[in-house]
1. Has the stretch 141-152 got at least one residue that is in contact with a helix residue (DSSP H, G or I) (Cβ under 6 Å, 6 or more places away or on another chain), under 26 Å from Ile265 (Cα atoms) and part of a helix (DSSP H, G or I)?
2. In the set Ala122, Ala99, which member is assigned to a helix (DSSP H, G or I) and surrounded by 20 or more Cβ atoms within 10 Å (Cβ to Cβ)?
3. Can you find even one residue in the stretch 358-370 that is under 15 Å from the mean Cα position of the chain (by Cα), polar (S, T, N, Q) and part of a helix (DSSP H, G or I)?
4. When you scan the stretch 70-119, how many residues do you find that are among the β-branched types (Val, Ile, Thr), closer than 20 Å to Ala169 by Cβ and modelled with pLDDT of 90 or more?
5. Can you pull out the residues in the stretch 302-328 that are surrounded by fewer than 24 Cβ atoms within 10 Å (Cβ to Cβ) and under 16 Å from Ala236 (Cα atoms)?
6. Please go through the stretch 40-77 and give me each residue that is assigned to a helix (DSSP H, G or I) and over 16 Å from Leu121 (Cβ atoms), ordered by number.
7. If I filter the stretch 193-201 for residues that are crowded, with 19+ Cβ neighbours inside 10 Å, more than 15 Å from Thr33 (Cβ to Cβ) and under 21 Å from the mean Cα position of the chain (by Cα), do I get at least one hit?
Amino acid sequence: MKRAARDATVDVDVTGRDVAGGLTRSTLLLMATATGLSVAGNYFAQPLLDTMAQRFGMSSGTAALVVTVSQLGYVCGLVLLVPLGDLLERRRLTVTLCAATAVGLAWTAAAPNVPLLFAGLALTGLCSVGAQVMVPFAATMASPEMRGRAVGTVMTGLLLGILLARTAAGGLAELGGWRTVYWVNAVLMLAMALLLRRILPLFPAAGRASYLAAFRSMALLLRDHPVLRWRTLTGASGFGAFTVLWVSLTFLLSGPPYGWSTAAIGLMGLAGAAGAAAASAAGRLADRGLVHTVTIGGAILLLASWAVLLAGGRHGLAWLLAGVLVLDLAVQAVHISNQNVVYALDPPARSRLNSLYMTAYFLGGVAGSALTSLVWAHAGWTGACALGAAFSAAALLSCLGEMLGRRAATV
């Protein structure tokens, strides 16, 4: 059956070889910056939920959907657009998606009502998957012995974009209102599109298979790689826990006993950003053959972090900061190790593998944000911590399931 999957994917191969030395440090840093700015627009709203709710007259439940709409748009982009990385010239695809993200951000900034706000957020989420086109692009350009570091570096940029988006949003909103946040990012994304067009190398597709053929090959990849199925479940569960934290944290810090301003809530992203250092470290460990150890260790830390976060809700900010740091470090370690394993399954199909993995990953985030809004209304911080622990336990069980599967296959 694995041979059948390869036969189905060969016509849509971009290239089966790695471009050793084709990825310079400056290009890698530019790609990392672009990925961070691309995804940031999906997370600006988290520290702004109360402000946006007041501006548009939304309830807290409807305000939480602001995050969900962005993530749903992102998931649609992962399914519909990311596989094009194996079919189209990658530089043109990347530049087009970055420019379209700028349009979505400008639309959001100018939205006069809730329906148009949601439309702008959905468009931004849909097109911001240019970040997920760049990750396998970097993996393909890197030499084999540097692939883990390349993926880790680009993902560090992406994760910093997710986490520091909250800090930037809080600061800019204090200076010029919540719309300023989206206008500024729109300008930056347009600049990224121009720079990427100038610096990225041309990378033409080798095959001319149809769009539908790519989707058929994705179904075969999912069928024929049990490790892919386990890793998608692990990633989805881990990101679900991550989203539970950052959605519920906004409600916790804006209410008693904290009563923080939007800017102060945004500064919590700095604590989470420290955990993003795990992305680069996880990539280096993957290059040394320790990828499975990193996954299991990260999943254990992820589950343990919720006990610290629960204490933070009861005993003070120090516990809360420690919990945020540990959880973010754990999520990044699990995610980077997952991507290194997934990309190695079938190098010619990296964009399609990334589409499958990241679709599941962000569906976990959608589930986390949607369930958090329901749980918070009934059980507050304690309920949110229980929900996050449940997602984390699912990630750990998935890791153990994969490990048992590998052992059974070697017997």
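The values are calculated or read from the model by the stated rules, or taken from the named source; none is laboratory data. Because the structure is predicted, anything quoted here is derived from the model rather than measured. Don't worry about glycine lacking a Cβ; one is built from the backbone with ideal geometry, like all the others, and counts go over all protein chains shown.
1. No, that holds for no residue.
2. Among Ala122, Ala99, only Ala122 is assigned to a helix (DSSP H, G or I) and surrounded by 20 or more Cβ atoms within 10 Å (Cβ to Cβ).
3. Step one: of the stretch 358-370, the residues under 15 Å from the mean Cα position of the chain (by Cα) are 358-369.
Keeping just the survivors that are polar (S, T, N, Q) gives 359, 369.
Pick out the ones that are also part of a helix (DSSP H, G or I) and you get 359, 369.
Yes, some residue in the stretch 358-370 is under 15 Å from the mean Cα position of the chain (by Cα), polar (S, T, N, Q) and part of a helix (DSSP H, G or I).
4. Just the residues of the stretch 70-119 that are among the β-branched types (Val, Ile, Thr), to begin with: 75, 79, 82, 94-96, 101, 103, 108, 114.
This time we only want the ones that are closer than 20 Å to Ala169 by Cβ, so: 101, 103, 108, 114.
Then drop every residue that is not modelled with pLDDT of 90 or more, which leaves 101, 103, 108.
Of the residues in that region, 3 qualify.
5. Applying the first criterion (surrounded by fewer than 24 Cβ atoms within 10 Å (Cβ to Cβ)) to the stretch 302-328 yields 303-304, 307-308, 310-319, 321-322, 325-326.
Within the stretch 302-328, Leu303 is the sole residue that qualifies.
6. Selection gives Asp50, Gln54, Ser60, Gly61.
7. Taking the stretch 193-201 and keeping what is crowded, with 19+ Cβ neighbours inside 10 Å, we get 193, 196, 200.
Among the residues that remain, those that are also more than 15 Å from Thr33 (Cβ to Cβ) are: none.
The answer is no, given that none of the residues of the stretch 193-201 is crowded, with 19+ Cβ neighbours inside 10 Å, more than 15 Å from Thr33 (Cβ to Cβ) and under 21 Å from the mean Cα position of the chain (by Cα).
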